[in-house]
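Asks: The structure's right below; bear with me while I get my questions together.
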Amino acid sequence: MNSQSSPSLRQALTPSDNDSSPERKALLAEIDASCRRPVLFMFANGLLWLMAGTALALLTSYKMHSPNFLADWSWLTFGRVRPAHLNTMVYGFASQVAIGVAIWLMCRLGRVPFMQGGLVVGATIFWNIGVTVGIVGILAGDSTSIEWLEMPGYAAYILFIAYALIAIWAIIAFRFRRERHLYVSQWYLLAALFWFPWLYSAANMMLVIDPVRGTVQGAVNWWFAHNVLGLWFTPIGLAAIYYFIPKVIGRPIHSYFLSTLGFWSLALFYNWAGIHHLIGGPMPAWLITVSVVASMMMIIPVVTVAINHHMTMVGHFKKLKYSPTLRFIVFGAMSYTVVSLQGSSMAIRSLNEVTHFTHYTIAHAHLGVYAFFTMVMFGSMYYIVPRLALREWPSARLISIHFWTTALGILLYVVPLSVGGVLQGLAMNNPDIPFLKTVELTKPYLVTRTFAGILMTVGHTVFAVNFVWILARRRKAYQPPVPFIAAGLQQEAGAQLGKDI
Amino acid sequence: MKYGPLLFLGIFLTLASSWVGLTVIPQMQFGGLQTTKIEETGRDYPLNTWGAASKGRELYRANGCIYCHSQQVRPQGFGADIERGWGTRRSVSRDYLYDKPVFLGTMRTGPDLTNIGQRQPSVDWHLSHLYDPQITSKGSTMPPYRFLFEQRKIGAKPSPDALKLTGEFATPPGYEIVPTENAKDLVAYLLSLRADAALLEAPLGK
């Protein structure tokens with residue numbers, strides 16, 4: 001497989017570094033070495049924020065059914081802790097880990113070492129200062145109360161500059177790639193890296209720095225907030241799934257045509273779907289109709305991507321047993337299908353009439369950001385970290401605990417809370433039921449959520465322990481991480497594919 | 001797909017389309033909406049909030065009331081907002097002309113507050129409710145906002161605006177609970193919330 005020859009179809013369907021020649025191995029080692037400092041630094045900071053965000057999540061959840069808990073200090077009032085939780089998770093944890101994964105994938109797929117790792121470490125410090133300033137700002141009472149954009153303007157500037165300084169190097173890695181042929185993951189990564197700064201700066205300009213008038217703010221708010229999920233987290237999550245499933249099971253992606261269709265239909269439709277968050281609200285009818293239609297059209301990319309991912313997996317499910325990466329990634333890929341179809345259904349007016357304004361929406365959001373995106377990021381880190389740290393994960397048992405607590409935790413979170421949300425919505429739409437009844441009936445579901453949160457906290461804690469442990473371990477000469485057959489499988493597969501092409 | 005520039009063009013155009021479609025065009029269509037004169041009263045609608053109410057608005061923002069309260073009434077026949085008495089008509093864009101940010105909200109752990117000033121005009125009710133929602137609404141999950149109040153020793157004579165608390169909520173003898181300026185501002189804001197003027201685009205009852 002050399003980059004001069006025109007890519008065969010086989011190559012177009014497979015992440016391009018399945019090759020075990022000595023030169024290729026040396027190149028991969030060089031790439032990993034160049035990513036080591038910046039990417040591990042992002043992961044480490046991301047995990048710190050994950051722990052902070054988890055604590056804030058538990059506090060939020062607990063307060064929701066026991067409002068008197070820690071209520072007398074303004075910094076910890078519910079309406080501040082909740083956005084502090086969201087922003088820690090979105091900007092501190094998820095975005096930061098996503099950028100790390102994106103950088104590594106960009107370099108691996110483009111077969112170029114990462115340039116300016118030192119500078120990027122500096123920019124990452126700057127990013128983390130931005131997040132800290134933003135979270136402290138929210139707790140101190142400077143929240144903008146604009147959902148997904150609560151960080152005060154002064155933190156937004158820091159984040160934007162830091163982002164630009166980091167992302168530019170990922171884009172440069174793309175621009176100067178040595179492998180000219182593009183794999184589907186790269187389309188998604190390039191798109192996400194470009195879409196996010198546009199979304200973030202436009203929304204901050206139009207909402208925080210120089211707000212537009214009246215309900216136009218509502219339109220901008222949901223254009224932004226929906227797209228942070230759809231055009232930032234989703235493409236990076238999908239890029240990782242597209243890379244790791246074929247990589248780990250050693251089999252090309254099911255269909256090139258479906259990959260293209262899935263990408264362009266997502267780019268076209270996700271975009272326009274955001275205003276369905278305001279169905280029934282004070283918005284011109286056309287704006288809402290456009291978004292409802294786009295939400296329905298989202299079924300196309302979702303079904304395409306689902307067929308593509310799940311068909312690639314067919315016949316290889318027993319490998320889930322051995323590869324932690326695969327386990328998390330496939331859990332995430334399945335959640336993506338479910339959460340996206342659910343999302344489209346929630347834009348149907350008759351369902352929206354019930355579920356809008358209820359805990360159902362909160363459950364849906366966690367199915368997306370957690371069961372899909374976060375699980376995919378966990379899976380990616382299980383693959384990437386040993387290759388950067390040149391060490392194996394110290395404890396397979398901790399990985400197993402991590403998987404089961406988070407997988408069961410998120411199910412225990414989402415399923416009951418969705419039921420509670422529907423009951424809440426039905427009660428709310430029946431004017432004969434006093435309002436306090438709608439509050440009362442949700443309490444058991446809210447308590448259940450706190451228990452789910454405790455499970456997930458256990459998972460995050462063991463993951464953090466394993467992460468610190470792997471970094472603290474004495475370095476040995478590089479060996480593929482043996483306890484997990486995945487590595488072996490993938491090497492075998494690599495050898496096979498090498499022969500094929 | 002090998003062509004980076006083509007890919008990039010597509011990426012650019014797709015987001016550009018929705019940015020224009022969902023933010024720029026709405027801005028052109030209703031970003032310049034003006035106030036209107038209400039016939040019966042001869043006053044402009046909506047009026048800007050000012051003084052205590054506008055300070056209260058900032059407290060509403062800072063303390064994240066939007067995570068449990070919406071400020072939008074859905075039309076008759078979609079949900080039961082009007083039947084619940086949350087408004088006499090649906091909300092429309094004109095109602096929010098002066099709001100920065102708009103507190104439309106997406107969650108109703110608590111009731112909609114578009115018209116709370118009309119529905120619950122009692123200052124004392126609001127103060128007791130903010131101090132501890134259990135006083136007025138047993139079983140509520142709304143957090144208490146005791147940090148907007150001050151507990152202090154009763155001076156020569158009790159202050160006139162001290163809360164009247166009895167039973168399980170009573171203060172220790174010799175002490176009283178007095179609302180801070182912040183609490184009064186927040187209540188002034190709540191009382192200012194009413195969108196009950198009939199508009200051309202939103203007649204009452206719809």
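The values are calculated or read from the model by the stated rules, or taken from the named source; none is laboratory data. Predicted model only: the values in this text are computed from it and were never measured. Here the Cβ positions follow ideal geometry from the backbone for every residue, glycine too, while neighbour counts run over all protein chains shown. Calculation scope for accessible area: heavy atoms of the full protein, side chains included, ligands and nucleic acids excluded. Shrake-Rupley method; radii C 1.70, N 1.55, O 1.52, S 1.80 Å.
Asks: Among residues belonging to region B:172-181 that are closer than 22 Å to B:SER122 by Cα and over 24 Å from the mean Cα position of the chain (by Cα), point out the one that is surrounded by the fewest Cβ atoms within 10 Å (Cβ to Cβ).
Replies: Filtering region B:172-181 for residues closer than 22 Å to B:SER122 by Cα gives B:176-181.
After this cut, where a residue has to be over 24 Å from the mean Cα position of the chain (by Cα) as well, the list is B:176-177.
Values: B:GLU176: 19, B:ILE177: 22.
Only one residue tops the list, namely B:GLU176.
Asks: Let me ask something else. With respect to A:TRP223, is the statement that it is at the interface with chain B (Cβ under 7 Å from one of its Cβ atoms) and either surrounded by 23 or more Cβ atoms within 10 Å (Cβ to Cβ) or outside any loop (DSSP other than H, G, I, E, B) (or both) true?
Replies: Here the answer is yes, as A:TRP223 does meet what is asked.
Asks: A further question on this structure: Please enumerate the residues belonging to region A:92-143 that are of a type in the set (Ser, Thr, Tyr) and either touching a strand residue (DSSP E or B) at 6+ places or on another chain (Cβ under 6 Å) or surrounded by 24 or more Cβ atoms within 10 Å (Cβ to Cβ) (or both). Walk me through how you get there before you give the answer.
Replies: Step one: list which residues in region A:92-143 are of a type in the set (Ser, Thr, Tyr), which gives A:95, A:124, A:132, A:143.
Hits for region A:92-143 are A:SER95, A:THR124, A:SER143.
Asks: With farther than 19 Å from A:PRO284 by Cβ, assigned to a helix (DSSP H, G or I) and out of contact with any Cys (no Cβ under 7 Å at 6 or more places or on another chain) as the only criterion, which of B:GLY42, B:GLY10 stands out? Explain how you work it out, then say what you get.
Replies: Numbers: B:GLY42 fails: assigned to a helix (DSSP H, G or I).
Answer to the selection: B:GLY10.
Asks: Oh, and also: Can you say whether B:SER18 is within 7 Å of chain A (Cβ to nearest Cβ), within 30 Å of A:LEU351 (Cβ to Cβ) and assigned to a helix (DSSP H, G or I), as far as the supplied structure shows? It would help to see each step written out before you state the result.
Replies: On the way: within 7 Å of chain A (Cβ to nearest Cβ): yes; within 30 Å of A:LEU351 (Cβ to Cβ): yes; assigned to a helix (DSSP H, G or I): yes.
When the stated conditions are applied, B:SER18 passes them.
Asks: Then there's this: Just checking, which of A:LEU266, A:LEU238, A:LEU231 is within 15 Å of the chain's Cα centre (by Cα), within 13 Å of chain B (Cβ to nearest Cβ) and surrounded by 24 or more Cβ atoms within 10 Å (Cβ to Cβ)?
Replies: A:LEU231
Asks: Which condition from (1) under 18 Å from A:GLN342 (Cα atoms); (2) without any contact (Cβ under 8 Å) to a residue 60 or more places away in the chain; (3) surrounded by fewer than 22 Cβ atoms within 10 Å (Cβ to Cβ) is the one that A:ALA294 breaks?
Replies: The failed condition is (3).
Asks: With within 18 Å of A:ALA44 (Cβ to Cβ), of a type in the set (Val, Ile, Thr) and in a helix (DSSP H, G or I) as the only criterion, which of A:VAL376, A:VAL385 stands out? Steps first, please.
Replies: Details: A:VAL376 fails: within 18 Å of A:ALA44 (Cβ to Cβ).
Matching residue, one of A:VAL376, A:VAL385: A:VAL385.
Asks: Still on this model: For region A:177-218, give me each residue that is assigned to a loop (DSSP other than H, G, I, E, B) and within 11 Å of chain B (Cβ to nearest Cβ).
Replies: Taking region A:177-218 as the starting set, the residues that turn out to be assigned to a loop (DSSP other than H, G, I, E, B) are A:177-183, A:210-215.
Matches in region A:177-218: A:ARG177, A:GLU179, A:ARG180, A:HIS181, A:LEU182, A:TYR183, A:ASP210, A:PRO211, A:VAL212, A:ARG213, A:GLY214, A:THR215.
Asks: Scan region A:242-257 for residues that are open to solvent by 10 Å² or more (accessible area, probe 1.4 Å) and not small (Gly, Ala, Ser) and report the count. Talk me through it step by step, then tell me what you get.
Replies: Quick first cut of region A:242-257, residues open to solvent by 10 Å² or more (accessible area, probe 1.4 Å) only: A:250-252, A:254-257.
Applying the additional criterion that residues be not small (Gly, Ala, Ser) yields A:251-252, A:254, A:256-257.
Residues in region A:242-257 being open to solvent by 10 Å² or more (accessible area, probe 1.4 Å) and not small (Gly, Ala, Ser): 5 in total.
Asks: Another question, if that's okay. Is it true that B:GLY10 is over 30 Å from A:VAL81 (Cα atoms), open to solvent by less than 40 Å² (accessible area, probe 1.4 Å) and within 7 Å of chain A (Cβ to nearest Cβ)? Working first, answer last.
Replies: Working: over 30 Å from A:VAL81 (Cα atoms): yes; open to solvent by less than 40 Å² (accessible area, probe 1.4 Å): yes; within 7 Å of chain A (Cβ to nearest Cβ): yes.
Criteria met by B:GLY10.
Asks: Moving on. Identify all residues within region B:130-164 that are out of contact with any helix residue (DSSP H, G or I) (no Cβ under 8 Å at 6 or more places or on another chain), within 14 Å of another protein chain (Cβ to nearest Cβ) and of a type in the set (S, T, N, Q); write none if there are none.
Replies: The answer is B:GLN151, and nothing else.
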